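*Asks:* Before anything else, here's the structure in question.
The values are calculated or read from the model by the stated rules, or taken from the named source; none is laboratory data. These figures come from a predicted structure and were not determined experimentally. Note that each Cβ is placed from the backbone with ideal geometry, even for glycine, and that neighbours are counted across all protein chains shown. Each accessible area value is taken on the protein alone, full model and side chains, heavy atoms only, with ligands, DNA and RNA left out. Shrake-Rupley method; radii C 1.70, N 1.55, O 1.52, S 1.80 Å.
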Amino acid sequence: MLKTVVASLVMATCFLKTSFGQNRDVGSEVTFTNLDGSFVEYLPVWLPDSPQGVRLDFRTNQPDALLIYHEYTTEEDGDPPYVIFVQVEDGRIEINHIYLNWKETVRLGRGLMEDTWHTVAYRKDPETRVLTLTVDGETDTIPLRTDVDGILDRGPPASTTAVYLGGLPDGHAHRHHVLSRYSQFVGCMRNVQFLLDGSNRTLTPVRQVGIQNSCIDRCQDNTVCQHGGACVNQYYRTTCDCYGTGYEGQFCEKSETTEVLLRGNNYVEFVQQNEVDRLVNRISLQFKTQQQTGTLFFGFGLHPTRNYIMGSVQHGYAVFTIDFGDSPMSLTSAARVDDNRWHTLELIHSGPEVSMVVDSAPAQTLRSDGVSFHLRIERGYFGSVGDHRQLIGIDTAANMIGCMRTVYWNQVSILEHLNDHMVSHIGGVPDLTCRDQDPIVPFTFPTSDTYLSIQRWDPRNVRLSFRFRTLRHFGILIFAPIEIDDVPGKGIWVRLRDGQVHLEVGSSRSDDLTTPIASMPYLSTPGTDVLVVGEGPLNDNAWHKVQVAFVANHAMLEVDGKRVDRDLDGYFTRRGAIHIGAGEHDHGIGFVGCIKGIKFNGDDLDVLRMMTTSDNHGVIMDNCNIRDFCGRANRCQHGSLCQQDWYRSWCVCAGTGYEGNVCSFPLYKSSCDEYYQMGERRTGVWRIDVDGRGPLPPSYVHCTMEATEDDRDAGTTTITHNLVPRTVVRRADMSDTLLHVTYQDMDQYGQTLLHLLQMSQSCQQWVEYQCRAAPLRLGVNTWFYGAKEIQYSAIGHSGNSSATDGKCSCWYSSTCAEENLGCNCDKGDETWRTDSGYIRDIAHLPIIDAVLLQGGNTAGTEGRLSLGPLQCTGSKTNDPSYGVTFTKESSYIELDRGWEEGDLTFASSLTTRAVFCCTNSRAPPTPTISSSI
């Protein structure tokens, strides 16, 4: 077999060289200019058992583009049994051969989107079952599957063998089923040839849409770019690259360049709108700063592998870092750039090489030896790393403090597009004037475990002052570990508790860190001193000033000008570094917010220096634009507690009876039947939540987990009530009676009962009236009300009878005491009689009120009423008639209106170990999914 495959490889390679390389019939050049659907259609007639193939030259600046698409279809099945297509994928050529569930893929070449001519050819040999791909002289070959029902041997009718170049017609039935990412080709093609009956042929297209003759260079006679700006040919239009001219504008006509002031609390975000911009070829900018650390730019992508690019200032030098997906590589400038003067940074990416030029220094170059050297960046940031601070490999996450101008991403002048559809300024209104800035920079403590450390300090002479702002009502601002009179485990805490600042000296701890923070007890052992300052909550997102001092056993705390003092006993010794923003073992209750203007013993604390040392534990220079995640209406549901840090919020569901991201999913099923369908078989007391994520609380009910009397495979929910069996309702000495029935663990308004009735397949309740000289007289002296407050007066009536016809079950079966009576008890004699039956109409269930009027009672009169429990069986949502079956892997359900908010709940029965659940192209803010499997 190996010899056969090797021989096939040699034969295929030779054939590609001979049939496509000699006596070439050069076709005319054409340009695909329509982004919405340019294509060329051919109808080649391939004979059975003959080699097949296509060859062409192309040039494009797109990293992804469809080149060739060919399929066979049959009249018996709408899905294509055979497809072969060639595309540019991330700058490489990829050919896919698909038959039913089998797919073979070959990839060749790199960097094929730099707008130069390249040659691609494929050959499929039915005899040897080999597929060969050649790109710019490089060849790769794979054997095709042998169990393909002879599709390689058949010569299908010409009408079913359409070959499309560059794109597909509108409404093409199969393009989204087989193409993982379909991008229209924009660029030029030439020398299109088909391998027919052993020789290459140039065919006449049967259809051309959006095609122009010749390879169009729109910049050839274009003089619109001014002041030396370079014209860029996009085939369907031209743009001007103004980089290096000192001008801006669409045609490089504006002499004033845009500047932006970066204060450390703002940055610029660039969203790439097309595939060309996502491929990074050049990033350039001018900047000035007097800070030793900060982010200049950052771009991040995930396709085909995680890749990123970053420029920063570290220790005063410009640093460039790039990761194509293999490992990060870095370059560092030879000279410092933190002198508050304008500096130029330019990055050029060409193939596997990336060069950095800082000012007029010689270029420094990196070369990738890995498989990939393409950057596919979807978002770019200038002055920040955006939401990617925790990305492994990022050397600094500090925001930029300084100025930028002439910022280019490829040919796009970023700052010219501020606040349009591509470029956004994050952190307020952009300041387009570069000037010296306030040296007091705010620092962000993004999570409860981030803090700064002060290593050297004297516990008998500590003076700290700072300003803070936060939205959280709790958090440790300062912690200083000490020993008091040589007793270890003591400390000094400055913390927010219930929105006020507390100064605590001694021992302070939490016994239960799993309890929600809002109710967490902070215990102070005997000997702990506490000073509290502040009126009203200080977690109001405003700046507040705090001063704290320990000088010779005298403690002082001042908050926003209000001060308290206290003398302390004991001898203090230091046992560790001061933490600003977190405690020693108090995990989860550190400070989240911003702090600025830190002074320690009268001197400004050099936090900027600390940012690049081991004294910084996750603190960042950020926009300090605190987002109030918990301020959103109805985010945490069912009374759950909302908590947040800098990046996200979460809901504490403990004690609510719900779970999930926003405590929306009930911990309990909606009925006994839902438990039954999940495999539960224990008959007894269960807890259910009939309205799921609705406002009604959970309830205790009795569940019967066995098949019903009519052999239905379902669970039955039983709800008891407070009416005693055989309750006397009529007697000689009694007045008119109104009985109000209360059901166990149900809300007083009956909403829980109504939900259960509406969702169940069937419900029923037994009613029994025993009488002696006590006529029932339904509708006259006796009637009932259900949860819907509808009056009815019948017992055991059939589905065809009126619920108010005054009849009992004996009338429907013609078994009453007398033929002309509607109920047995209506005879009114001294004999004990009974009327009973089930009520099964959910409109009248369950009995909430019973009205029994007295009339003509005698000494022997007695009437007794008994009610059975409410019994509901099955569930409409579990009714097989409402279910669907997925019969093959391509089956799916599509919601016409999409899924914009709320929860999706479903039950499923699986026969495979791995399944794909669901996707939502509209991307809701926080979708949650629950399933029963």
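*Asks:* Look at the range 703-729 and say how many of its residues are within 19 Å of Tyr743 (Cβ to Cβ) and free of Cβ contacts under 8 Å to residues at least 24 places away in the same chain.
*Replies:* So the answer is 2.
*Asks:* Then there's this: Regarding the range 351-370, can at least one residue be identified that is under 21 Å from Tyr317 (Cβ atoms), β-branched (Val, Ile, Thr), within 36 Å of the chain's Cα centre (by Cα) and surrounded by 13 or more Cβ atoms within 10 Å (Cβ to Cβ)?
*Replies:* Yes: the range 351-370 contains one or more residues that are under 21 Å from Tyr317 (Cβ atoms), β-branched (Val, Ile, Thr), within 36 Å of the chain's Cα centre (by Cα) and surrounded by 13 or more Cβ atoms within 10 Å (Cβ to Cβ).
*Asks:* Additional query: In the range 469-489, what residues are closer than 29 Å to Gln644 by Cα and either without any contact (Cβ under 8 Å) to a residue 12 or more places away in the chain or not in a loop (DSSP other than H, G, I, E, B) (or both)? Give the derivation first.
*Replies:* First pass over the range 469-489, keeping only residues closer than 29 Å to Gln644 by Cα: 469-481.
Arg469, Gly475, Ile476, Leu477, Ile478, Phe479, Ala480, Pro481 - these are the residues of the range 469-489 that are closer than 29 Å to Gln644 by Cα and either without any contact (Cβ under 8 Å) to a residue 12 or more places away in the chain or not in a loop (DSSP other than H, G, I, E, B) (or both).
*Asks:* Something else: Restricting the search to the range 460-493, which residues are aliphatic (A, V, I, L, M) and modelled with pLDDT of 90 or more?
*Replies:* Within the range 460-493, Leu464, Ile476, Leu477, Ile478 qualify.
*Asks:* I'm trying to understand the selection: among the residues of the range 822-852, which are farther than 18 Å from Ala774 by Cβ and assigned to a loop (DSSP other than H, G, I, E, B)?
*Replies:* Passing the criteria: Arg840, Asp841, Leu845, Pro846, Ile847, Ile848.
*Asks:* Kindly list, by first and then second residue, each pair from a residue in the range 651-667 that is under 16 Å from Phe629 (Cα atoms) to a residue that is among the charged types (D, E, K, R) and in a loop (DSSP other than H, G, I, E, B), limited to pairs with Cβ atoms under 8 Å and residues at least 6 apart or on different chains.
*Replies:* From residues that are under 16 Å from Phe629 (Cα atoms), the pairs are Cys651/Arg635; Val662/Arg635.
*Asks:* On to the next question. Take Gly855 and decide whether it is at pLDDT below 90 and either in a loop (DSSP other than H, G, I, E, B) or closer than 17 Å to Phe784 by Cβ (or both).
*Replies:* yes
*Asks:* Name the one entry in Val690, Val701, Val662, Val607 that is within 30 Å of Pro459 (Cβ to Cβ) and buried (at least 19 other Cβ atoms within 10 Å of the Cβ). Outline the logic, then answer.
*Replies:* On the way: Val690 fails: within 30 Å of Pro459 (Cβ to Cβ); Val701 fails: within 30 Å of Pro459 (Cβ to Cβ); Val662 fails: within 30 Å of Pro459 (Cβ to Cβ).
Matching residue, one of Val690, Val701, Val662, Val607: Val607.
*Asks:* Within the range 429-444, track down each residue that is within 24 Å of Gly588 (Cβ to Cβ) and either open to solvent by 50 Å² or more (accessible area, probe 1.4 Å) or in a loop (DSSP other than H, G, I, E, B) (or both).
*Replies:* Pro442 - this is the single residue of the range 429-444 that is within 24 Å of Gly588 (Cβ to Cβ) and either open to solvent by 50 Å² or more (accessible area, probe 1.4 Å) or in a loop (DSSP other than H, G, I, E, B) (or both).
*Asks:* Now for a separate question. Within the range 823-858, track down each residue that is more than 18 Å from Gln765 (Cα to Cα), open to solvent by less than 10 Å² (accessible area, probe 1.4 Å) and touching a helix residue (DSSP H, G or I) at 6+ places or on another chain (Cβ under 8 Å).
*Replies:* The answer is Cys823, and nothing else.
*Asks:* Just to be sure before I move on: is Gly244 closer than 30 Å to His343 by Cα, modelled with pLDDT under 85 and in a loop (DSSP other than H, G, I, E, B) in the structure I sent? Talk me through it step by step, then tell me what you get.
*Replies:* Details: closer than 30 Å to His343 by Cα: yes; modelled with pLDDT under 85: yes; in a loop (DSSP other than H, G, I, E, B): yes.
For Gly244, the condition - closer than 30 Å to His343 by Cα, modelled with pLDDT under 85 and in a loop (DSSP other than H, G, I, E, B) - is met.
*Asks:* Still on this model: If Thr447 meets every condition in (1) within 18 Å of Cys630 (Cβ to Cβ); (2) open to solvent by less than 10 Å² (accessible area, probe 1.4 Å); (3) among the β-branched types (Val, Ile, Thr) apart from one, which number is that one?
*Replies:* Against the list (1) within 18 Å of Cys630 (Cβ to Cβ); (2) open to solvent by less than 10 Å² (accessible area, probe 1.4 Å); (3) among the β-branched types (Val, Ile, Thr), Thr447 comes up short only on (2).
*Asks:* Are there any pairs with C-beta distances below 8 angstrom linking a residue in the range 738-763 that is small (Gly, Ala, Ser) to a residue that is surrounded by fewer than 17 Cβ atoms within 10 Å (Cβ to Cβ), with the two at least 6 apart or on different chains, and if so which?
*Replies:* Ser760/Lys876; Ser762/Arg840
*Asks:* Has the range 757-772 got any residue that is in a loop (DSSP other than H, G, I, E, B), surrounded by fewer than 18 Cβ atoms within 10 Å (Cβ to Cβ) and either within 58 Å of the chain's Cα centre (by Cα) or not charged (D, E, K, R) (or both)?
*Replies:* For the range 757-772, residues in a loop (DSSP other than H, G, I, E, B), surrounded by fewer than 18 Cβ atoms within 10 Å (Cβ to Cβ) and either within 58 Å of the chain's Cα centre (by Cα) or not charged (D, E, K, R) (or both): present.
*Asks:* Additional query: Give all pairs with beta carbons closer than 6 Å in which a residue from the range 593-606 that is closer than 16 Å to Thr450 by Cα and assigned to a strand (DSSP E or B) meets a residue that is open to solvent by 50 Å² or more (accessible area, probe 1.4 Å) and of a type in the set (Val, Ile, Thr); count only pairs at least 6 apart in sequence or on separate chains.
*Replies:* What qualifies is Lys596/Ile440.
*Asks:* Considering every residue within the range 882-894, establish whether at least one is within 28 Å of His702 (Cβ to Cβ) and at pLDDT 70 or above.
*Replies:* yes
*Asks:* Follow-up. Would the range 512-532 turn up any residue that is in contact with a Pro (Cβ under 9 Å, 6 or more places away or on another chain) and either surrounded by fewer than 16 Cβ atoms within 10 Å (Cβ to Cβ) or at pLDDT 75 or above (or both)?
*Replies:* Start the filter on the range 512-532 by keeping residues that are in contact with a Pro (Cβ under 9 Å, 6 or more places away or on another chain), which leaves 512, 515.
So of that shortlist, the ones also either surrounded by fewer than 16 Cβ atoms within 10 Å (Cβ to Cβ) or at pLDDT 75 or above (or both) come out as 512, 515.
Checking the range 512-532: at least one residue is in contact with a Pro (Cβ under 9 Å, 6 or more places away or on another chain) and either surrounded by fewer than 16 Cβ atoms within 10 Å (Cβ to Cβ) or at pLDDT 75 or above (or both).
*Asks:* Confirm whether Ser453 is at pLDDT 90 or above, crowded, with 17+ Cβ neighbours inside 10 Å and among the small types (Gly, Ala, Ser).
*Replies:* yes
*Asks:* I've got another one for you. Restricting the search to the range 404-425, which residues are open to solvent by less than 50 Å² (accessible area, probe 1.4 Å) and either at pLDDT 85 or above or of a type in the set (Phe, Trp, Tyr) (or both)?
*Replies:* Correct list: Met404, Thr406, Val407, Tyr408, Trp409, Ser413, Ile414, Leu415, Val423, Ser424, His425.
*Asks:* Here are some conditions: (1) modelled with pLDDT under 90; (2) open to solvent by 60 Å² or more (accessible area, probe 1.4 Å). Ser801 meets all but one. Which one does it not meet?
*Replies:* The number of the failed condition is (2).
*Asks:* Check Trp342 against each of (1) hydrophobic (A, V, I, L, M, F, W, C); (2) open to solvent by 60 Å² or more (accessible area, probe 1.4 Å); (3) under 34 Å from the mean Cα position of the chain (by Cα) and name the one condition it does not meet.
*Replies:* (3)
*Asks:* Further question: Within the range 456-468, count every residue that is open to solvent by 30 Å² or more (accessible area, probe 1.4 Å) and in a loop (DSSP other than H, G, I, E, B). Give the derivation first.
*Replies:* Filtering the range 456-468 for residues open to solvent by 30 Å² or more (accessible area, probe 1.4 Å) gives 456, 458, 460-461, 463, 467.
Filter once more, keeping what is in a loop (DSSP other than H, G, I, E, B): 456, 460.
Qualifying residue count, the range 456-468: 2.
*Asks:* Another question, then. Output the residues belonging to the range 165-189 that are modelled with pLDDT of 85 or more, outside any loop (DSSP other than H, G, I, E, B) and out of contact with any Lys or Arg (no Cβ under 9 Å at 6 or more places or on another chain).
*Replies:* Across the range 165-189, the qualifying residue is only Leu165.
*Asks:* Could we say that Val357 is modelled with pLDDT of 90 or more and at negative phi here?
*Replies:* So Val357 fits the description; yes.
*Asks:* Would it be correct to say that Glu76 is touching a strand residue (DSSP E or B) at 6+ places or on another chain (Cβ under 9 Å) and either farther than 22 Å from Val30 by Cα or at pLDDT 90 or above (or both)?
*Replies:* Spelling it out, it is not the case that Glu76 is touching a strand residue (DSSP E or B) at 6+ places or on another chain (Cβ under 9 Å) and either farther than 22 Å from Val30 by Cα or at pLDDT 90 or above (or both).
*Asks:* Please verify whether Cys225 is open to solvent by less than 80 Å² (accessible area, probe 1.4 Å), closer than 24 Å to Gln411 by Cβ and part of a strand (DSSP E or B), treating the condition exactly as stated.
*Replies:* Criteria not met by Cys225.
*Asks:* Another question, then. Take residues that are open to solvent by 20 Å² or more (accessible area, probe 1.4 Å) and among the β-branched types (Val, Ile, Thr) and tell me which of the strands (runs of 3 or more DSSP E) falling wholly in the range 31-144 contain 1 or more.
*Replies:* 92-99, 102-108, 118-125, 130-135, 138-143
*Asks:* Being under 34 Å from the mean Cα position of the chain (by Cα) and either modelled with pLDDT of 75 or more or not aliphatic (A, V, I, L, M) (or both) is the filter here; which residues of the range 590-614 pass it?
*Replies:* Gly590, Phe591, Val592, Gly593, Cys594, Ile595, Lys596, Thr612, Ser614
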